[in-house]
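Participant: Below you will find the structure I want to go over with you.
Just so it is clear, none of the values below were taken in a lab; they were calculated from the coordinates. Because the structure is predicted, anything quoted here is derived from the model rather than measured. A quick note on method: Cβ atoms are made from the backbone with ideal geometry, for glycine too, and the neighbour counts reach across all protein chains shown.
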Amino acid sequence: MKKITNRAVSVLLIAVLIIAGMVVYVLRYVDDGRDWALYFARANSGSTGVMTDRNGALLAAFDATTNAYSDDELTRISCYHVTGDYWGRTGTGALTCFWDEMHDFSLLTGTTRSESVNLWLNIDAELNKVAYQALNGRKGAVLLCDYRTGELLCMVSGPSIDPLDADAEPPEGAYINRCLSAAFTPGSVFKLITAAAAIENIPDIYDRTFYCEGVYEIAGVPIKCSGVHYTQTFEQALANSCNVAFAQIAVMLGQDTMVEYVKKYGFLDSQSLDGIPTAAGSYPQEFVGDPELGWSGIGQSTDLVCPYSMLRFVSAVGNGGKLCEPKLINDGKAAKTVSFMKADTAEQLASMMSYNVAAHYGGESNFPGLKLCAKTGTAELGDGTSHAWFAGFLQDEEHPYAFVVMIEQGGGGLSAAGSLANTLLQAVVRR
Ligand SMILES: [Zn+2]
């Protein structure tokens with residue numbers, strides 16, 4: 001009897017071990033199966049993958065034995081945050097985010113498609129090179145898309161690295177894609193959101209005038225302006241980028257309305273670029289009182305904006321209020337189109353942004369030949385430095401491009417970011 005009991009215990013023990021082993025195997029399979037399958041597929045069947053830009057220029061390619069990138073160093077560096085690398089060091093890289101698709105790995109069969117898989121991107125590597133060179137070593141983010149189709153033509157983040165130079169010490173923050181994975185103080189570029197809320201909520205906004213003496217006190221707290229603008233209309237106040245006028249407008253709107261618009265335009269949420277999650281922004285949502293509300297309405301306070309969210313906003317304005325969600329991958333499918341803002345609001349904003357360029361940004365002399373609508377931002381960081389922003393679009397049937405340029409601690413919005421935007425826009429219009 002004792003013998004039988006011992007035997008039963010042994011059998012039970014063996015069964016438990018087998019089940020435990022299988023559980024471990026399944027867990028490891030789910031976790032690592034992709035890598036195993038990849039290993040076997042590459043070793044046995046010669047599965048290959050190719051990633052190209054919109055013009056067919058090679059960005060990355062792998063086969064059974066090699067992981068390759070473009071032969072051109074400037075392409076590798078300027079497109080690094082688009083392609084990523086084979087080690088996944090930048091989380092938003094296509095090699096990391098679309099690895100499964102490129103291998104077409106099936107958890108069910110444990111195999112990858114053992115044939116060549118192509119990932120065709122909307123990015124134009126030549127534009128990325130132009131943007132990267134124009135950044136000229138500065139930290140920043142450059143984005144450009146076609147607002148009619150959503151095609152993302154340019155995405156550059158600085159500093160960058162050469163993925164072939166895997167052992168080199170990377171510059172600080174080089175693995176962060178500043179276009180998608182970070183949010184920055186927006187400064188005056190945020191006045192576009194305050195302006196949109198004003199257009200829809202202050203019925204006589206175009207009949208009002210705003211008086212600026214260079215400083216304005218709200219509940220004893222001074223809001224300083226960058227200039228002295230005296231009496232101005234709403235349109236002139238945006239072109240002057242008058243802090244006094246826009247702090248007053250934010251207070252007139254009230255915090256609830258401001259929060260409603262910041263939320264409605266998606267600035268507080270993480271967005272998705274073909275499934276790649278982007279950074280959420282921030283805006284004061286707990287009660288802050290009028291002085292802080294004034295500062296938040298002009299893009300200071302605790303405001304933070306992800307450059308990608310700003311690209312969605314200016315794209316929608318350019319496209320008459322309808323947003324074609326930007327697309328990194330050219331998969332032949334049409335972009336998802338959403339109603340982003342009222343058509344009338346988009347039209348008013350576009351007209352004001354066109355006036356900005358003509359009246360205050362040097363128009364034809366700074367942006368020759370471009371039908372440009374834009375807004376500058378010089379976001380004060382409190383230490384004497386500022387982020388330079390320039391965001392807008394071309395009001396041009398043949399060249400329907402929206403863009404965002406942000407240079408970290410880059411100085412003035414127009415002088416730093418505006419001139420980079422012009423370099424990029426001249427290049428895209430010529431292509
Ligand atoms: Zn002013």
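Participant: Divide by every residue of the chain the summed helix terms, -39500 (n - 2.57) for each DSSP H run of at least 4, and state the resulting mean residue ellipticity at 222 nm, rounded to the nearest 500 deg cm²/dmol.
Facilitator: -11500 deg cm²/dmol
Participant: Determine by what factor the alpha-carbon radius of gyration of the stretch 187-430 differs from 2.2 N^0.38 Å, reporting the quotient.
Facilitator: 0.96
Participant: May I have the extent of the alpha carbons of the chain along their three principal axes, as whole Å values ordered from largest to smallest?
Facilitator: Here the spans come out as 100, 58, 41 Å, largest first.
Participant: Say R0 is 25 Å: what FRET efficiency, to the nearest 0.05, do V338 and D207 get from their beta-carbon distance?
Facilitator: The pair V338/D207 has a calculated efficiency of 0.20.
Participant: May I pose another question? Roughly how tilted is helix 125-135, in degrees to the nearest 10 and between 0 and 90, from the longest Cα axis of the chain?
Facilitator: Approximately 60 degrees, to the nearest 10.
Participant: How far is helix 2-40 tilted, in degrees, relative to the longest principal axis of the Cα atoms in the chain, given as a value from 0 to 90 rounded to the nearest 10?
Facilitator: Long axis of 2-40 versus the principal axis of the chain: about 50 degrees.
Participant: Could you give the length gained on full extension between R138 and D72, defined as 0.36 nm per residue of separation minus the Cα-Cα distance, in nm?
Facilitator: 21.6 nm
Participant: Only four residue types carry charge here, +1 at the Cβ of Lys and Arg and -1 at the Cβ of Asp and Glu. Report the dipole size of the stretch 377-431 about the Cα centre in Debye, rounded to the nearest 20.
Facilitator: 180
Participant: For F287 and A358, what does the FRET efficiency come to when R0 = 45 Å and r is the distance between their Cβ atoms, rounded to the nearest 0.05?
Facilitator: Once rounded, the FRET efficiency stands at 0.70.
Participant: Once the Cβ-Cβ distance between S226 and T302 is put in as r, and R0 is 30 Å, what FRET efficiency do you end up with, to the nearest 0.05?
Facilitator: 0.90
Participant: Less than 22 Å apart at the alpha-carbon level, and either on another chain or at least 8 residues along: which lysines does that give for K139?
Facilitator: Result set, ordered by chain and number: K129, K375.
Participant: Looking only at the chain, where both bridge partners belong to it, what percent of the DSSP beta bridges are antiparallel (to the nearest 5)?
Facilitator: Here the share of antiparallel DSSP bridges comes out near 90 percent.
Participant: For A8 and V429 in the same chain, what is the full-extension length gain: residue separation times 0.36 nm, less their Cα-Cα distance, in nm?
Facilitator: Taking 0.36 nm per residue and subtracting the Cα distance, the gain is 143.6 nm.
Participant: Next up: Which residue fluctuates most in the GNM of the chain (Cα springs below 10 Å): A166, A57, A346?
Facilitator: With Cα springs under 10 Å in the chain, the top fluctuation among A166, A57, A346 is at A166.
Participant: Working from Cα positions, state the angle (0 to 90°, nearest 10) between the long axis of helix 307-318 and the longest principal axis of the chain.
Facilitator: 60
Participant: Continuing with the same structure: What is the sum of charges around E325, taking Lys and Arg as +1, Asp and Glu as -1, for the other residues whose C-beta is under 14 Å from the C-beta of E325?
Facilitator: Computed value for this residue: +1.
Participant: When we measure straight from the Cα of K342, which aspartates and glutamates land under 13 angstrom away, once same-chain ones fewer than 8 places off are left out?
Facilitator: Result set, ordered by chain and number: E200.
Participant: How charged is the neighbourhood of V404? Take every other residue with its Cβ under 11 Å from the Cβ of V404, and add Lys/Arg as +1 and Asp/Glu as -1.
Facilitator: Value of the local net charge: +3.
Participant: Please identify every one of the chymotrypsin sites (Phe, Trp or Tyr not before Pro) in the stretch 265-324 that sits in a loop by DSSP and has no more than 10 other beta carbons within 10 Å of its own beta carbon.
Facilitator: Qualifying residues, ordered by number: F287.
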